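Nothing in this text is a laboratory measurement; each read-out follows from the coordinates by a stated rule. Note that the structure is predicted; figures quoted are calculated from it, not measured. Don't worry about glycine lacking a Cβ; one is built from the backbone with ideal geometry, like all the others, and counts go over all protein chains shown.
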Amino acid sequence: MRVLILGGTTEAFQLAQRLAGDDRFDALYALAGRTQKPLLPAITCRIGGFGGVDGLARWLVDERVSALIDATHPFAAQMSRNAVEAAAMTYVPLLRLQRAEWQPQPGDDWRIVADMAAAVAALEQQSQHVFLAIGRKEVAAFIAAPQHSYLVRAVDAPDADGLPPQSEIILQRGPFALVDELALLQHNRINVVVSKNAGGVAAYPKIAAARQLGIPVVMVARPAVPQAPECADIDAAFAWLEDLLRPEAHGEKSSERGV
Ligand code: NAP
């Protein structure tokens, strides 16, 4: 069965690796092409956009894809929207594989905001040492608050003209360890962390470290995406794919298609 995985997350990579060893599946892995040295699984990979909803729908049909897994990052909302629309247009079954959100724990001091502009507005007026752990795409929003100094962590360096004036960059890819995150926050005298509510374990230690040190976190909430069948772990995604292999599932699909 031909499966397209929209990737870019740990879970997408792990699911792809699992399918790589299973000859019932012919899986393809798609990446937007944002990172210079992406982690590529041992299946056929395709790098670059599809050309919007129509491009993705055409691709699903041309490549005879029988199942679509949207395992993109919870903040890759455009791709998730496109997946819902293209799957509906082509009757390709879609499953969103998305890890659960982080929830505040006792001792956490979160300021939950809707987007990056609101995260900028949530910072205090007086100068602070801010840890920006939001990737590189939206760092430019903080140019609007030049009174702060920023420690920017990303996998690839942000464009120099998209950085606030007092910025230091560290290039690192997770998973991160609590002991290192504690040292990073203390060494850089960080007094506020800005994070997306990405969920998962790899990026969580900065949140645990902030809690331990009594540092507030400006937590950007996930963007809204249209409803789709969803699961939170690889085992459930794998079971969903196995279910589609059952003859009854083919029957359902054919009748939906009017075949
Ligand atoms: P986005 O804003 O939702 O998507 C913008 C466009 O990029 C899409 O319309 C699509 O182009 C293309 N695209 C996105 N994901 C793709 C994929 N897996 N395969 C092929 N094309 C893809 O996405 P984004 O926030 O820029 O994220 C891009 C990628 O980075 C995603 O794969 C995501 O999983 C990963 N990522 C994102 C974040 C984050 O915070 N946003 C964090 C970690 C990893 P077309 O319309 O031309 O098809």
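Where the only charges are on Cβ atoms (+1 Lys, Arg; -1 Asp, Glu), what is the dipole of region 46-199 about its Cα centre, to the nearest 20 debye? Spell out each step's value before the answer.
On the way: 13 positive and 17 negative charges, 55 e Å.
About 260 debye.
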Can you compute the helix-only [θ] at 222 nm over the chain? Use -39500 (n - 2.57) per DSSP H run of at least 4 residues, normalise by all residues, nearest 500 deg cm²/dmol. -10000 deg cm²/dmol
Those residues of region 81-102 whose amide nitrogen sits under 19 Å from the label point placed on Arg246, 7 Å along Cα→Cβ: 93-96
Taking placed amide H atoms and a strict 5 Å upper bound, the residues 5 or more places from Arg111 or on another chain that come that close are Val217, Val218, Met219
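State the extension gain, in nm to one decimal, for the chain segment bounded by Ala221 and Leu40, taking 0.36 nm per residue of separation less the distance between their alpha-carbons. Provide the component values of the computation, followed by the final result.
On the way: separation 181, 0.36 × 181 = 65.16 nm, distance 2.82 nm.
Fully extending the segment from Ala221 to Leu40 adds 62.3 nm.
Convex hull over the Cα atoms of region 84-198, averaged projected area in nm²? Working shown, then result.
Details: hull surface 38.1 nm².
Averaged projected hull area, Cα only: 9.5 nm².
Share of Cα-Cα pairs in region 116-256 beyond 18 Å, in percent?
Details: 6137 of 9870 pairs.
Tail fraction, whole percent: 62.
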Starting from the Cα-Cα distance between Asp235 and Ile112, subtract it from 0.36 nm times their residue separation and give me the gain in nm to one decimal. 41.2 nm
Just want the answer: with Cβ charges of +1 for Lys and Arg and -1 for Asp and Glu, which residue in His73, Gln103, Ala20 is farthest toward the dipole's positive end in region 18-157? Ala20
Which residue fluctuates the most in the chain, going by a Gaussian network model with Cα springs under 10 Å, if the choices are Ala210, Ala160, Ala30? Ala160
Looking at the square roots a ≥ b ≥ c of the eigenvalues of the Cα gyration tensor of region 1-147, which shape do they give, rounded for a/c under 1.5, prolate if a/b is larger than b/c, or oblate? prolate
Would you work out the relative contact order for the chain, in percent, from Cα pairs under 8 angstrom that are 6 or more residues apart? 20
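So how do Thr90, Thr44, Thr9, Thr72 line up by other beta-carbon neighbours within 10 Å, fewest first?
Values: Thr90 17, Thr44 13, Thr9 23, Thr72 27.
Ascending number of Cβ neighbours within 10 Å: Thr44, Thr90, Thr9, Thr72.
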Return the whole-Å distance between the Cα centroid of region 161-237 and the Cα centroid of region 6-77. 24
Given charges of +1 on the Cβ of Lys and Arg and -1 on the Cβ of Asp and Glu, with all other atoms neutral, how large is the dipole of the chain about its Cα centre, in debye to the nearest 20? 340
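What number do you get for the chain when its Cα radius of gyration is normalised by 2.2 N^0.38 Å, N = residues? Write out the running numbers ahead of the final one.
Numbers: Rg = 20.2 Å, N = 259, 2.2 N^0.38 = 18.2 Å.
Output field value: 1.11.
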Using 0.36 nm per residue, how much length does the chain from Val61 to Leu213 gain when fully extended, once their Cα-Cα distance is taken away? 49.5 nm
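With N set to the number of residues, divide the alpha-carbon radius of gyration of region 1-87 by 2.2 N^0.38 Å and report two decimals.
On the way: Rg = 12.0 Å, N = 87, 2.2 N^0.38 = 12.0 Å.
That works out to 1.00 for region 1-87.
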Expressed to one decimal in nm², the mean projection of the alpha carbon convex hull of region 161-228 is 6.4
